[in-house]
1. Ranked from highest to lowest mean number of other Cβ atoms within 10 Å per residue, what is the order of the peptides 196-205, 297-306?
2. Express the carbon and sulfur contribution to the solvent-accessible surface of the chain as a percent, rounded to the nearest whole number, probe 1.4 angstrom.
3. Give me the mean projected area, in nm² to one decimal, of the convex hull enclosing the Cα positions of the range 361-423.
4. Mind giving me the nanometre distance, one decimal, between the label points for ALA167 and ILE352, set 7 Å out from Cα along Cα→Cβ?
5. Between LEU477 and VAL456, what length in nm is gained on full extension when 0.36 nm per residue of separation is reduced by their alpha carbon distance?
6. Could you rank the peptides 148-158, 365-375 by their average count of other C-beta atoms within 10 Å per residue, with the highest value first?
7. Please list the equivalent ellipsoid semi-axes of the range 417-479, computed as the square roots of five times the alpha-carbon gyration tensor eigenvalues, in descending order and whole angstrom.
8. Show which lysines lie in cross-link reach of LYS184 when reach means a straight Cα distance below 29 angstrom and same-chain residues fewer than eight apart are skipped.
Amino acid sequence: MSTETETQGGGAPKLKLGALTALVVGSMIGGGIFSLPQNMAAGAGAGAILIGWVITFFGMLTLAFAFQMLANRKPEVEGGVYGYAKAGFGNYMGFNSAWGYWISAWIGNVSYFVVMFSALAFWFPVFGEGNTATAIVCASILLWALHFLVLRGVHGAAFINTITTVAKLVPLALFILLVVFAFKVDTFNLDFWGSAKLGSVVDQVKSTMLVTVWVFIGIEGASMFSSRAENMKEVGKATVIGFLLTIALLVAVSVLSLGVMTQAELAALKNPSTAYVLEKAIGPWGANLMNAGLVISVGGALLAWTLLASEAPYLAGKDGVMPKVFGTTNANGSPAASLWLTNGLIQLFLIITLFSSAGYLALLSLATSMILIPYLLCSGYALLVAKRGEGYAQGESSGKEFGIATIASVYGVWLIYAAGLKYLFLSMVLYAPGLLFYLWARKERGEKAFTGPEAVLAALIVVAGLFAGYELLTGALTL
């Protein structure tokens, strides 16, 4: 008898608030926070960095509240960025949200493997930049170890993710504590508004916010597992709690570092720059601590994103907008087919990095921008829900949540603009092939593929993808 089922198999345990919060924190805090001091200081002084964080806080907070509002007002809609896009804008847009999110997630995981083994090279030089033959072999072993861990059950993997999330917070907490004692007000105030070569304060703030575009990817972690949550209200709570904890860590790491080293000194550091900041504060063992923290953090993020990447095709397959094979689970409730496809592609790209690291990095820049479109669709759906008053008790006002959703939508547009409109255009190269999977799924169900507007959108995506591909091949556009 087959061990696969189209349900969550075997009455698998539901995820509680702690596990959901750990998925949010674990997916947002990866390797980026360990390079944040240099990344921020490279284009801005302390004053502009503080302004940038204030703007980012309110923008991302509205997005977190939008996810919370949708979890509370539309508890019947499962699947996070996929489910909300489908509910708000139809099957084809739901599919594209799942497709874009999935591609971004698994290519991002390739980068985590490279970063992890690059950090391990601090002690073991044989790993080089994370893409030597030895590094790729070891990364492949870790990949399939994670694969079989998740195959044993999402709940068990989520429990281990909770443990690794706590473990990655320890070195970051130590960093903040130790840097507080080494903090010097005079160093922090030096060139507070940045030197002339950094440009105007407005330019510096924009530079700061360009960095923050990427550090909050993963805020949707809890909502992606809403179908496996014990309580939908806890999905919203986990999103907000995870966001608040993460931004507190990010701000502390980036701002406190400016009191240990000057903006110019931080900008000149190699990454992970937190290692050199702590080395300046307490000596050589500080660098060892932060490199170890980076390895633990990236390892935890790998597990979180393995779960997230395989969940997107599973949810879409379960609903019939991806081929139904991806909507199946094994006896442990794990999305087996989706997991095999996802990790198979990661393995392929790990091998590609061995021969062409430049090509991989270019594709990574393109793929990471794809995740921002699903965010915009989610905030757009929150706007529709509030405008229509759906899920509100009679006489209950939706005005406050309409305002929050409006700000979140504007911020979603800003994120795409900040990441680069060129990348939005070039991402059509990766969106266009998804049409084949969508048509396959609709044929399986014997249903009409498109409404009129969806057909026009599909044609535009394919034409844009072909044109962008041609521009890439001829060298007219570069990544």
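The values are calculated or read from the model by the stated rules, or taken from the named source; none is laboratory data. This one's a predicted model, so the numbers in the text were calculated from it and none came from an experiment. Using ideal geometry, Cβ is built from the backbone for each residue, glycine included, and neighbour counts are taken over all protein chains shown. For the accessible areas, the whole protein counts, side chains as well, though only heavy atoms, and no ligand, DNA or RNA atoms are used. Shrake-Rupley method; radii C 1.70, N 1.55, O 1.52, S 1.80 Å.
1. Numbers: 196-205: 14.5, 297-306: 25.8.
So the peptides 196-205, 297-306, ranked by packing, come out 297-306, 196-205.
2. Values: 12870 of 18750 Å².
Carbon-and-sulfur percentage of accessible area, whole number: 69.
3. Numbers: hull surface 17.8 nm².
About 4.4 nm², averaged over all directions.
4. 3.0
5. On the way: separation 21, 0.36 × 21 = 7.56 nm, distance 2.52 nm.
Answer, rounded to one decimal: 5.0 nm.
6. Working: 148-158: 18.9, 365-375: 23.2.
Packing order, densest peptide first, comes out as 365-375, 148-158.
7. Details: eigenvalues 145, 29, 19 Å².
For the range 417-479, the semi-axes come out at 27, 12, 10 Å.
8. Output for LYS184: LYS168, LYS197, LYS206, LYS270, LYS280.
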